[in-house]
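Step one of this worksheet: look at the structure below.
The values are calculated or read from the model by the stated rules, or taken from the named source; none is laboratory data. None of the values given here were measured: they were computed from a predicted structure. With ideal geometry, Cβ positions are generated from the backbone for all residues, glycine too; neighbour counts draw on all protein chains shown. In case anyone asks, the SASA skips ligands and DNA or RNA and just uses the protein heavy atoms, side chains included. Shrake-Rupley method; radii C 1.70, N 1.55, O 1.52, S 1.80 Å.
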Amino acid sequence: MKLKVIAYAHNGHTDKFGIPRQSREESPILTRIVFEPEYQVQEALRGLEGFSHLWLLWGFNTDSWSPTVRPPRLGGNTRMGVFATRSPFRPNPIGLSSVRLIKVESRESEEGRQLSLLVSGADVMDGTPIYDIKPYLSFSDSHPDAENGFAEESKDYHLDVVWENINRDQVKTSTRVLHDSYTPPADIQREIAYILSQDPRPAYQDNPQREYKMDYGGWRVTFSAKKSTIFVKKTEKIKK
């Protein structure tokens, strides 16, 4: 069976490092799903605006699989079966994400009228191929009494974020601010803060002296971590 790419996802995640490990309802990150020319058909989206959430089926950028993997939230040292996780190292590199539909868009572009979907909460990289889109149905897709296995203990995991070089008047999140410096726009700051609060570091790395770099939305972020806090050291615009 051959899968057809019906669209591509576009957002600020230009690097794998920092992509959320799960799609989350509270995520402020917006992703635009732009349909390929063959699927630029308005009738194919008829009725979609009546749904608040969607399922995205998409492709991982991997070509190998492993029967066991090391889930990050278990410290990166405990192995679990790949089918008990959402690891990308699967026999078929297919991802599944539940996202909120913000709006159905029809816009003029250089190539003519372009159909796209604006969604929030997608845990995908910029340029990710989308294979299918389906409406999320609360009466069949939601199971409030479902058990979460070993993932239960880490479902509310997050870190505090301290900006060591940011304009205190621009930040509209719960992060703390220490002093001023040249920084990204407020919306990008909020998205970066959310990403860092989810702790993008490899779980087996816990060195407070180590600095990490993450690219997002055209900005390079340098940060470190100590216990339950991420410290943003530097932000700089990426030169094209």
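Values for this structure:
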{"quantity": "Carbon/sulfur fraction of accessible area - the chain, other protein chains in place, 1.4 Å, %", "calculated": "50 percent"}
{"quantity": "With 10 Å bins from 0: P(r) over segment 21-140, alpha-carbon pairs, percent", "calculated": "12, 38, 32, 14, 4, 0"}
{"quantity": "Heavy-atom accessible area per residue - segment 39-124, 1.4 Å, Å²", "calculated": "58 Å²"}
{"quantity": "Antiparallel bridge percentage (DSSP; both residues within the chain; nearest 5)", "calculated": "90 percent"}
{"quantity": "FRET E, pair ALA44, GLU153, Förster distance 45 Å, beta-carbon r, rounded to 0.05", "calculated": "0.60"}
{"quantity": "Cβ-defined net charge surrounding GLN40, 15 Å radius [Lys, Arg +1; Asp, Glu -1]", "calculated": "-2"}
{"quantity": "Options TYR212, PHE60, LEU45, ranked by Cα towards positive dipole end of the chain, top entry (Cβ charges)", "calculated": "TYR212"}
{"quantity": "Length gained when the stretch ASN92-TRP65 is fully extended (0.36 nm per residue, less Cα-Cα span)", "calculated": "8.9 nm"}
{"quantity": "Calculated FRET efficiency for the pair PHE83/ARG107, C-beta based, R₀ 45 Å, to 0.05", "calculated": "0.65"}
{"quantity": "Environment charge of TYR216, counting only residues whose C-beta is closer than 9 Å and scoring Lys/Arg +1, Asp/Glu -1", "calculated": "-2"}
{"quantity": "Cα-projected label distance for LYS4 with THR229, points at 7 Å along beta-carbon direction, nm", "calculated": "5.4 nm"}
{"quantity": "Square roots of five times the Cα gyration tensor eigenvalues for the chain, Å", "calculated": "30, 25, 17"}
